[in-house]
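Engineer: Quick one: this structure, given as C-alpha cells, is what I'll be asking you about.
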Amino acid sequence: MTTTKAFQKVYTRITQITKATCSLNASGVGNDELALINGKLAQVVKITGEEITLQVFGGTEGIPTDAEVVFLGKSPSLKVGEQLVGRFFNAYGEPIDGGSIPEGKEVELGGPSVNPVRRKQPSELIATGIAGIDLNNTLVSGQKIPFFADPDQPYNQVMASVALRAETDKIILGGMGLTNDDYLYFKNVFSNAGALDRIVSFVNTAENPAVERLLIPDMALTAAEYFAVEKNEKVLVLLTDMSAYADALAIVSNRMDQIPSKDSMPGSLYSDLAKIYEKAVQFPEGGSITIIAVTTLSGGDITHSVPDNTGYITEGQLYLRKDTDTGKVIIDPFRSLSRLKQLVIGKKTREDHPQLMNAAVRLYSDASNAKTKMENGFDLTDYDERTLRFARDYVTKILSIDVNLNTTQMLDVTWKLLSDNFTPEEVSIKKELIDKYWNK
Amino acid sequence: MNTKGKVKGVVSNLVIVEVETPVSQNEICFISSDGDRLMAEVIKVIGNDVYVQVFESTRGLKVGASVEFVGYMLEVLLGPGLLSKNFDGLQNDLDKMTGVFLKRGEYTYPLDEDKLWDFEPLAKVGDKVIAGAWLGEVDENHQPHKIMLPFKMKGEYLVKEIAPKGKYNINHIIAVVEDESGETHNITMVQKWPVKVPIMAHKEKPRPFKLLETGVRTIDITNPIVEGGTGFIPGPFGTGKTVLQHAISKQAEADIVIMAACGERANEVVEIFSDFPKLIDPHTGRKLMERTIIVANTSNMPVAAREASVYTAMTIAEYYRAMGLKVLLMADSTSRWAQALREQSNRLEELPGPDAFPMDLSAIISNFYGRAGYVILNNDATASITFIGTVSPTGGNLKEPVTENTKKVARCFFALEQERADRKRYPAVNPFDSYSKYLEYPEFKEYISNVISDDWIEKVNEIKTRLQRGKEIAEQINILGDDGVPVDYHITFWKSELIDYVILQQDAYDKVDAVTPIERQKYMLDLVVALCRKKYEFNDFVEVMDYFKKLINILRQMNYSDFKSDSFNNYQQQIDIL
C-alpha cells in the first residue's frame, strides 16, 4: 500500500510540524487521503482552504521541512484474501513474520456501516469452556464485549485460551501497544496449538510508534469483514488493548490543538470507539464478526472516559478478579455482564440455565455478605456458614478460569453445589425446575 | 434561486462552505463528492463561510466541491404509512435500502406512494378550518389516521371541495381550500414539517393526570407515569436501562409507540426489529409492530444524523398527537444525543460548558422535554405524548450535566442502581431515589381513587415507608449483628424484603411475570400490605428468616403463575395456611 505511481505531484514545503502531524499547502486532496512524507505514511485529518494537515503514523521524528510529500489518492486499505491466514502483519498490513507479501483484493479500511435492518439477531452461542463466560455471561456470535482489567491481570492469557477453545472459523488478533513478550506469547501459543491455520494477526508492539495503533483495529476488522461477508465465516476478533488505541487518538487530537474533552480524550471518542465495536455483526448469510476486546483500567477506575464510553457501546463487560479466599482468577460474577446472553441461555443451552445462574450468583452474593459479617466479628448463622462453603466450591469447581467444562457440565455441577448446601426454598428457583433437576 | 457554494475546508464531518448569496441557519444543503450527494445542515455562519454538519462520511471530500442549498430546514414527511416503519434519523426508510451495507448518499422516500388508503371525509364543503383541522380519515393499521390541514398553513380556510369516500394514494388531492385572500390550495394526505420546530396544533396543555399503565410494578405502583407525562431512566451501564425501556414500550397502554434509538448498540436495535414483529400488544391483541415506529441511528452511523434522530421522532409523535392519539415516545439514549451535541460543539471549537458539553445543553434538553405533554386539541379532543428518555451518566455519576439538566424537566425519575443490579434485583430501580411528581398532583390522586381504589395511594405510601424502615434496620444489623437487635427489627426488615421481592422485583424474561395488569397489581399490593400489617410472633431471628423466606418463595411462585389460575389459587391457599 505504500507504493507511489508515476507523474504524481511532489510537494516539498512543509509549513508546520508537531509531534504527530505535518501541515503543508496542497490542492486536490481528499479528506482521509493517504500521503507519503519522505516514505512515512500519513493521512489527511484536516483541510482548511489550501492548508492540509496530516497525521503521520510513524511519528514526525526526523521529518525535515523540505520532505517530499506525495498524496496517494486513496484512504488506508488492506489486500484481503485467504493468503492472510496464518500470518503476522504490522499496522500497515506488511508481513512481520518474514513471509512474502500477500496478494488479494484491495479494500478500504473503515468501510460503511451495516444497515441495521439487514443485521440478523445474534443467536449462536460461542462456548469458551470458561464458566465466568459460558455460564454467567454467555458470549453470542455477533457480540462485542471487552475485558475490563487492571494491567497486572492475565487478560492476554485468557484471550488466548478463548481464541483456542472457541469454535469459530477464523480468529483475527489486533494487538495495539503489545509488549514484545506478549506478542511472542500469542505467537507461541497459536503455533504450538497448531491453530495458525485459522488465525490472522495485526500487531503493533510497544516499541512501534503510538499513532500507528490507530490503524490496527481497522486492519483487523477489514480482514474480519472479508471472511465474514465473502466466505460466510464465523470470525472472532480479539483487540488488545483498546486503551492504548484511545491514547493514540488523544495524542493526535492534542497535536491538532483540538479542545480536549473529558480526561483529555478527543470530543469524538464515543464515535471513534463505536465505529470499531459496531463492526460486530451477525450477517443474514451466516457469517459473523464477534469482538472481544481488552480495556485496561487504571486502579479499577471505570469512570474514566475510555472504559465508560466502551461500556455504553459494547454489549456487556467481563471483569477479571483474583478471588482472595482461593487465589483463583475468576470473571467477577457481580460486575460482569453479557447483554446478549438472553438470546441463547435456556434456548441453545438447557432450560434451567437462566434461573440456575441467577440463583448461584445471588447465593454467592449472600456469601460476600456473610464474609463481611465475619470480618466485622459477628457470629455467623448456619445459613451464613453454608453460603461460605458454597462460595468456595463455586469458585474452585466452576468459576476459576483454569476450569474447562462444557455448559451442561457447568449446570450439573452448580445443581450439585446447591443441593449440597441449601434447601430448595432457599434458592428461589421456579418449582418446575427444582422438581426436575434438584439433587440430580 | 437557491444559494450555491464551494467547499473550503473539512474536519471530520464539519465542512466549511464558501457562499456568495444568503443561507439560513439550519438550512439543508447537498455536497457533491465523487458522484455522491451528501446531505448536511448549516450550524454556523461567519461572513461568507458557512459551517455545515454532514450527515454522512466525508471521506475523499475535496476543496472546491460544489454545494447546493435547498432553502428549507431538515424536514420530515408526515402522512399515512409511517406506522410499522424502520427509519434512520433522517427519516430514510431503512427497508427500502438495498444491500447489507449502507451506501453513502442514498436517501429513500419515507412513505409508500402507490398504496391506496380507504379515505373517509370528516370535513364538509363550506367548513371553516385552521391548521391541524381533521379533513378526513384513513385506517392505518387499525388506527384512525387523520388527514389534517397542513400545520404550516396560517389563518382560516374555507373548504371548497372534499374528496368523497374512496381509495386514494397519498398524493391524491383530497381537499381544496381557499384562504382569506381567495387563493385556493390543494391538500393531499402528505405534509412536511421542520423537525426542530414544535407542532402546535392544540389550544391548551393542561397538567396530565391519567395513569399510563406500563405493567411494570415498580413504575405503576411506586413511581407512576401519566399520559402526557415525562420521565427518565438514568443508570450506569449494565443496570438494565434497555430491558426496562423495552418492557415499557412493549406493554404500555398507548395507541402509538415511537422508539428513537440515538446512537444505540446496533444489536439492541436488531432486538427491537426482530422482537416487535413477533410480539402481540397485550392491550389490543394485535401485532405490536402495527402501532410502532422505529427511528434507528446506531452508534456508528454519522454523529450529525444521531443528533437529528430525536427531533425526527418527536415530530412524528406530535403529528400523531394532533390526531387525538395517545403516543408514547421512548429515546435511548439522550446521553448519546447530548454527546453528539458535544462532539459538534467541540468541532466548532466553541468554549465548552460543564464536562465539555455545549453551554446551552440545559436549554436544549428542556425545550425537547417541553414538546411532550397532554393536550386539548382545537376540536376539544384530548391527546398526549408521554416521553421517557434514558440517560447514561458518565461513570454512573448522577451529578453529570445530562442527568442534572434532565432531572430539572422530567417529572418521573426511575433511578437504576448498580448495587441492586449486582444483586440481580431487577428491575434495578432504586426505591428511595426514584420518584414520580405525579403522585403529588391532586388531579392524579382523584383519578386513581376513581379508577383503582380509594386506599391505593395510602398503601403505596405505606410500602414505601416500610421499605425505608427496612433499609435502616439492615444498616443497624450490619453494625450491631443479628443478635444485637431485637427480633421485632428482623420482622420489620423481612417485611421490607417481602415488598422488594414480590412488588419491586419482576422477571422481564418470564412470560407471565413480565407484564402485570393493574388489576393484578392491586391484588398483589393488597395481599402484600395485608401480610405486612399482620402481627407475627417469633422466638429468634432465624425463625423470622425461615418463615419469610418461605413466604417470599410462595409469593414469587404466584408471580410466575397466571392470575387466578389453579396454581395461583393454590399458592394463595398455602399462604393462608402459613
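The values are calculated or read from the model by the stated rules, or taken from the named source; none is laboratory data. If you're wondering where the values come from, they're calculated on a predicted model, not measured in any experiment. Here the Cβ positions follow ideal geometry from the backbone for every residue, glycine too, while neighbour counts run over all protein chains shown. To get the accessible areas, we keep the full protein, side chains included, count just its heavy atoms, and leave off ligands, DNA and RNA. Shrake-Rupley method; radii C 1.70, N 1.55, O 1.52, S 1.80 Å.
Engineer: Residues A:D301, A:D325: which one is over 27 Å from A:Q121 (Cβ atoms), out of contact with any Asp or Glu (no Cβ under 7 Å at 6 or more places or on another chain) and either modelled with pLDDT of 90 or more or more than 10 Å from every other protein chain (Cβ to nearest Cβ) (or both)?
Structural biologist: Numbers: A:D301 fails: either modelled with pLDDT of 90 or more or more than 10 Å from every other protein chain (Cβ to nearest Cβ) (or both).
Answer to the check: A:D325.
Engineer: Identify the residue in the range B:89-99 that is in contact with a helix residue (DSSP H, G or I) (Cβ under 6 Å, 6 or more places away or on another chain) and buried (at least 18 other Cβ atoms within 10 Å of the Cβ) and, among all such residues, is farthest from B:Q191 (Cα to Cα). Even if it seems obvious, please write down each step before you answer.
Structural biologist: Filtering the range B:89-99 down to residues in contact with a helix residue (DSSP H, G or I) (Cβ under 6 Å, 6 or more places away or on another chain) leaves B:89-91, B:94-95.
From the residues that got through so far, the ones that are buried (at least 18 other Cβ atoms within 10 Å of the Cβ) too are B:89-91, B:94.
Values: B:G89: 18, B:L90: 16, B:Q91: 14, B:L94: 21 Å.
The selected residue is B:L94.
Engineer: Tell me yes or no: at least one residue of the range A:65-83 is in a helix (DSSP H, G or I), touching a Ser or Thr at 6+ places or on another chain (Cβ under 6 Å) and under 26 Å from A:A166 (Cα atoms).
Structural biologist: Filtering the range A:65-83 down to residues in a helix (DSSP H, G or I) leaves A:82-83.
Then drop every residue that is not touching a Ser or Thr at 6+ places or on another chain (Cβ under 6 Å), which leaves none.
Within the range A:65-83, none of the residues are in a helix (DSSP H, G or I), touching a Ser or Thr at 6+ places or on another chain (Cβ under 6 Å) and under 26 Å from A:A166 (Cα atoms).
Engineer: For the range B:462-469, check the following and say yes or no: at least one residue is under 22 Å from B:V529 (Cβ atoms), surrounded by fewer than 18 Cβ atoms within 10 Å (Cβ to Cβ) and of a type in the set (V, I, T).
Structural biologist: Yes, some residue in the range B:462-469 is under 22 Å from B:V529 (Cβ atoms), surrounded by fewer than 18 Cβ atoms within 10 Å (Cβ to Cβ) and of a type in the set (V, I, T).
Engineer: Name the residue that is farthest from the other protein chains (Cβ to nearest Cβ), counting only residues in the range A:304-319 that are within 19 Å of A:G132 (Cα to Cα) and open to solvent by less than 10 Å² (accessible area, probe 1.4 Å). Give the derivation first.
Structural biologist: Our first condition is that a residue be within 19 Å of A:G132 (Cα to Cα); within the range A:304-319, this holds for A:311, A:314-319.
Applying the additional criterion that residues be open to solvent by less than 10 Å² (accessible area, probe 1.4 Å) yields A:311, A:314-318.
Values: A:G311: 4, A:T314: 8, A:E315: 6, A:G316: 7, A:Q317: 7, A:L318: 11 Å.
The qualifying residue farthest from the other protein chains (Cβ to nearest Cβ) is A:L318.
Engineer: I need the full set of residues from the range A:115-150 which are open to solvent by 10 Å² or more (accessible area, probe 1.4 Å) and within 14 Å of another protein chain (Cβ to nearest Cβ), in order please.
Structural biologist: Hits for the range A:115-150 are A:V117, A:R118, A:R119, A:K120, A:Q121, A:S123, A:E124.
Engineer: Can you tell me how many residues within the range B:47-69 are assigned to a loop (DSSP other than H, G, I, E, B) and open to solvent by 40 Å² or more (accessible area, probe 1.4 Å)? Write out each step before concluding.
Structural biologist: Taking the range B:47-69 first, the residues assigned to a loop (DSSP other than H, G, I, E, B) are B:47-48, B:55-61, B:63-65.
Remaining after also requiring open to solvent by 40 Å² or more (accessible area, probe 1.4 Å): B:47-48, B:57, B:59, B:63.
Count: 5.
Engineer: So which helices (runs of 4 or more DSSP H) stay within the range A:335-438 end to end and still have 3 or more residues that are more than 14 Å from chain B (Cβ to nearest Cβ)?
Structural biologist: Working: elements: A:353-375, A:382-393, A:407-421, A:424-427, A:431-437.
Qualifying helices (runs of 4 or more DSSP H): A:382-393, A:407-421.
Engineer: Residues being among the β-branched types (V, I, T) and either open to solvent by 70 Å² or more (accessible area, probe 1.4 Å) or assigned to a loop (DSSP other than H, G, I, E, B) (or both): count how many of those fall in the range B:428-461.
Structural biologist: Looking only at the range B:428-461, we keep the residues that are among the β-branched types (V, I, T), and these are B:429, B:448, B:451-452, B:457, B:460.
Imposing the further condition that a residue be either open to solvent by 70 Å² or more (accessible area, probe 1.4 Å) or assigned to a loop (DSSP other than H, G, I, E, B) (or both) reduces the set to B:451-452.
So the count comes out to 2.
Here is a yes/no grid of residues against (1) at pLDDT below 95; (2) assigned to a loop (DSSP other than H, G, I, E, B):
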| site | (1), (2) |
| --- | --- |
| A:G110 | yes, yes |
| A:S123 | yes, yes |
| A:G129 | yes, yes |
| A:N137 | no, yes |
| A:I145 | no, no |
| A:A160 | yes, no |
| A:T168 | yes, yes |
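Engineer: Say whether the condition of being among the acidic types (D, E) and within 20 Å of the chain's Cα centre (by Cα) is met by at least one residue in the range B:294-314.
Structural biologist: yes
Engineer: Can B:G126 be described as within 14 Å of chain A (Cβ to nearest Cβ), at positive phi and without any contact (Cβ under 8 Å) to a residue 60 or more places away in the chain?
Structural biologist: Numbers: within 14 Å of chain A (Cβ to nearest Cβ): no; at positive phi: yes; without any contact (Cβ under 8 Å) to a residue 60 or more places away in the chain: yes.
No; evaluated as a whole, the condition is false for this residue.
The rows are residues; the columns are (1) over 24 Å from B:V451 (Cα atoms); (2) open to solvent by less than 30 Å² (accessible area, probe 1.4 Å); (3) assigned to a helix (DSSP H, G or I).
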| position | (1), (2), (3) |
| --- | --- |
| B:K495 | yes, yes, yes |
| B:I499 | no, yes, yes |
| B:V502 | no, yes, yes |
| B:A508 | yes, no, no |
| B:T516 | no, yes, no |
| B:E519 | no, no, yes |
| B:M524 | no, yes, yes |
| B:V528 | no, yes, yes |
| B:C532 | yes, yes, yes |
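Engineer: Could I ask something else about it? If you go through the range B:214-247, how many residues are modelled with pLDDT under 95 and of a type in the set (V, I, T)?
Structural biologist: Matching residues across the range B:214-247 total 3.
Engineer: Right, next: When the range B:13-46 is examined, which residues are found to be within 14 Å of chain A (Cβ to nearest Cβ) and open to solvent by 50 Å² or more (accessible area, probe 1.4 Å)?
Structural biologist: Kept after step one, since they are within 14 Å of chain A (Cβ to nearest Cβ), are these residues of the range B:13-46: B:13-18, B:31-36, B:38, B:40, B:46.
If the condition is that a residue be within 14 Å of chain A (Cβ to nearest Cβ) and open to solvent by 50 Å² or more (accessible area, probe 1.4 Å), then B:E18, B:S32, B:D34, B:G35, B:I46 are the ones that fit.
Engineer: Do we find a residue being out of contact with any Pro (no Cβ under 8 Å at 6 or more places or on another chain), open to solvent by 10 Å² or more (accessible area, probe 1.4 Å), within 14 Å of chain B (Cβ to nearest Cβ) and hydrophobic (A, V, I, L, M, F, W, C) anywhere in the range A:80-90? Steps first, answer last, please.
Structural biologist: So in the range A:80-90, the residues out of contact with any Pro (no Cβ under 8 Å at 6 or more places or on another chain) come out as A:80, A:82, A:85-86, A:90.
Remaining after also requiring open to solvent by 10 Å² or more (accessible area, probe 1.4 Å): A:82, A:85-86, A:90.
This time we only want the ones that are within 14 Å of chain B (Cβ to nearest Cβ), so: none.
No; the residues of the range A:80-90 include none that is out of contact with any Pro (no Cβ under 8 Å at 6 or more places or on another chain), open to solvent by 10 Å² or more (accessible area, probe 1.4 Å), within 14 Å of chain B (Cβ to nearest Cβ) and hydrophobic (A, V, I, L, M, F, W, C).
Engineer: Out of curiosity, is B:E349 within 13 Å of chain A (Cβ to nearest Cβ), buried (at least 24 other Cβ atoms within 10 Å of the Cβ), more than 12 Å from the chain's Cα centre (by Cα) and acidic (D, E)?
Structural biologist: Details: within 13 Å of chain A (Cβ to nearest Cβ): yes; buried (at least 24 other Cβ atoms within 10 Å of the Cβ): no; more than 12 Å from the chain's Cα centre (by Cα): yes; acidic (D, E): yes.
So B:E349 does not fit the description; no.
Engineer: Across the range B:536-577, which residue is least open to solvent (accessible area, probe 1.4 Å) among those that are within 11 Å of another protein chain (Cβ to nearest Cβ) and not in a helix (DSSP H, G or I)?
Structural biologist: Only one residue tops the list, namely B:S561.
Engineer: Looking at the range A:47-59, I want the residues that are within 13 Å of chain B (Cβ to nearest Cβ) and in contact (Cβ under 8 Å) with a residue 24 or more places away in the chain and have a partner that is open to solvent by 20 Å² or more (accessible area, probe 1.4 Å) and in a loop (DSSP other than H, G, I, E, B) with Cβ atoms under 7 Å, at least 6 apart or on another chain. Which pairs are those?
Structural biologist: Here the result reads A:E50/A:S27; A:T53/A:M256, each pair linking the range A:47-59 to a residue that is open to solvent by 20 Å² or more (accessible area, probe 1.4 Å) and in a loop (DSSP other than H, G, I, E, B).
Engineer: So, one more: Which of (1) within 14 Å of chain B (Cβ to nearest Cβ); (2) open to solvent by 50 Å² or more (accessible area, probe 1.4 Å); (3) farther than 20 Å from A:L109 by Cα does A:T12 not meet, given it meets every other one?
Structural biologist: Among (1) within 14 Å of chain B (Cβ to nearest Cβ); (2) open to solvent by 50 Å² or more (accessible area, probe 1.4 Å); (3) farther than 20 Å from A:L109 by Cα, the lone unmet condition for A:T12 is (1).
Here is a yes/no grid of residues against (1) open to solvent by less than 10 Å² (accessible area, probe 1.4 Å); (2) in a helix (DSSP H, G or I); (3) over 20 Å from A:D247 (Cβ atoms):
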| position | (1), (2), (3) |
| --- | --- |
| A:I259 | no, no, no |
| A:D263 | no, yes, no |
| A:S271 | no, yes, no |
| A:E285 | no, no, yes |
| A:I289 | yes, no, yes |
| A:A293 | yes, no, no |
| A:G299 | no, no, no |
| A:R321 | no, no, yes |
